[in-house]
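Structure, as structure tokens:
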Amino acid sequence: MQFQQLQYFVAVAETRHFTRAADLVHVAQPSLSQQIKALERELGAELFLRARGNITLTDAGEALLPLARRILADADTARHEVQELVQLRRGRVRLGATPSLCTGLLPDVLRAFHDRYPGIRLLIEEGGSHDLVRELARGALDLALVVLPLPTPSPALTTVELLREDLVVVSSPDASPPGRGRRTVRVSDLEGERLVMFRHGYDLRELTVAACRAEGFEPDFAVEGGEMDAVLGFVRAGLGVAVVPRMVAARSGRGLRVTPLARPGLHRTIALAHRSDVAPPRAARELQRMLLER
């Protein structure tokens, strides 16, 4: 009994027509008929009743059909599992993340992923949550680390909360400390401080500006328009203070004074997002698992 014969048998059983079955499995009709006859000889029983153009299953055919379907399904499962294992030896993962997460969260996780799956190429795209959501929706990314709530909520995306991170104030050790040197500062203490501010579209910019306005003042920008590395460099140079994630401050604390925000403080919620209608590739799902278990 050959695997191909079972495919042909199921095709005829489902179409009840030899010619349509041959078209379905992309083989000439005489070849399909010969294989069905060979299968019948192997089993010692006729599988179809051929009467006046009507094709029906015999009792033997009825008994074989569910078994043949199961065998074909198991073969598809085996092929799928092997292909997924191959994907973990080679392939790629396209991950989007905000620049602050590329600095703070991702290095350790990506190093662990690369150590385990050295054949997988990691393609990282930095951007704000709005841009990353758009790239996910058009299929240019497999996964994205975004800040919740999303700028434009999309039912086409699935998001899983990853962490809730505190924000802190960073300043130059050579400059006067914010909040008159207290161990913690309030958002209201940033009134009168010169801020080093991120570019438009940056999640931290919107969050910081909204917090200042909630306290009744407009923030005063010493310099604006930078990415994370530029902002930290400007703060080190003494141009002003900045509000950044705690993880970024911990990794980049050299040459920076880090001051926590007093309760309730400021926080941001990080989530892992992917398209709801398309399952991420196996390698992307493995990276997703490692991020969720970090």
Please list log₁₀ I(q)/I(0) at q = 0.12, 0.15, 0.20 Å⁻¹ for segment 100-158, using the Debye equation with identical point scatterers on the alpha-carbon positions. -0.34, -0.51, -0.83
Extended-chain gain in nm, criterion 0.36 nm per residue less alpha-carbon gap, residue 63 and residue 26: 10.8 nm
For segment 119-244, compute the orientation-averaged projected area of the C-alpha convex hull (one quarter of its surface), in nm². 9.8
Output ³J(HN,Hα) for segment 138-143: one whole-Hz value per residue in order, computed from phi by the Karplus curve 6.51 cos²θ - 1.76 cosθ + 1.60 with θ = phi - 60°, and x for Gly and Pro. 8, x, 7, 10, 8, 9
Derived scalar couplings ³J(HN,Hα) [segment 59-64; Karplus, 6.51 cos²θ - 1.76 cosθ + 1.60; whole Hz; x for Gly, Pro]: 4, 5, x, 4, 5, 6
Toy charge model, Lys and Arg Cβ at +1, Asp and Glu Cβ at -1: segment 122-192 dipole around Cα centroid in debye, rounded to 20, equals 340
Please compute the alpha carbon radius of gyration of segment 1-118, then divide it by the globular-protein estimate 2.2 N^0.38 Å. Two decimals is fine. 1.76
The chain, accessible surface, carbon-and-sulfur percent (1.4 angstrom probe): 49
Based solely on C-alpha atoms, express the radius of gyration and the Dmax of segment 203-274 in angstrom. 13.0, 40
I need two numbers for segment 10-70: Rg to one decimal and Dmax as a whole number, Cα atoms only, in Å. 10.9, 31
Compute the long axis of helix 3-15 from its Cα atoms, compare it with the longest principal axis of the Cα atoms of the chain, and write down the angle in degrees, 0 to 90, nearest 10. 80
Magnitude of the charge dipole, the chain, Cβ model with Lys/Arg +1 and Asp/Glu -1, debye to 20: 400
Would you work out the relative contact order for the chain, in percent, from Cα pairs under 8 angstrom that are 6 or more residues apart? 21
With label points set 7 Å from each Cα along the Cα-to-Cβ direction at residue 77 and residue 166, the distance between them in nm comes to 4.9
Using a 1.4 angstrom probe on the protein heavy atoms only, line up 220, 142 by accessible area, largest first. 220, 142
Could you calculate the contour length gain from residue 263 to residue 3, that is, 0.36 nm times the residue separation minus the distance between their Cα atoms, to one decimal place in nm? 86.9 nm
How much length would be gained if the chain were fully extended between residue 220 and residue 52, taking 0.36 nm per residue of separation minus their Cα-Cα distance, in nm to one decimal? 51.5 nm
For the chain, modelled as a Gaussian network with Cα springs under 10 Å, which listed residue fluctuates most, 211, 249, 38? 38
Quick one: Cα centre-to-centre distance for segment 44-79 and segment 233-294, in angstrom? 57
What number, in percent, do you get for the relative contact order of segment 1-41 if the mean sequence gap of Cα pairs under 8 Å and at least 6 apart is divided by its residue count? 41
Cα long-axis angle, helix 282-292 against the chain (0 to 90 degrees, to the nearest 10): 40
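The values are calculated or read from the model by the stated rules, or taken from the named source; none is laboratory data. As the structure is a prediction and not an experimental result, all values here were calculated from the model. A quick note on method: Cβ atoms are made from the backbone with ideal geometry, for glycine too, and the neighbour counts reach across all protein chains shown. With ligands, DNA and RNA removed, areas are computed over all heavy atoms of the protein, side chains included. Shrake-Rupley method; radii C 1.70, N 1.55, O 1.52, S 1.80 Å.
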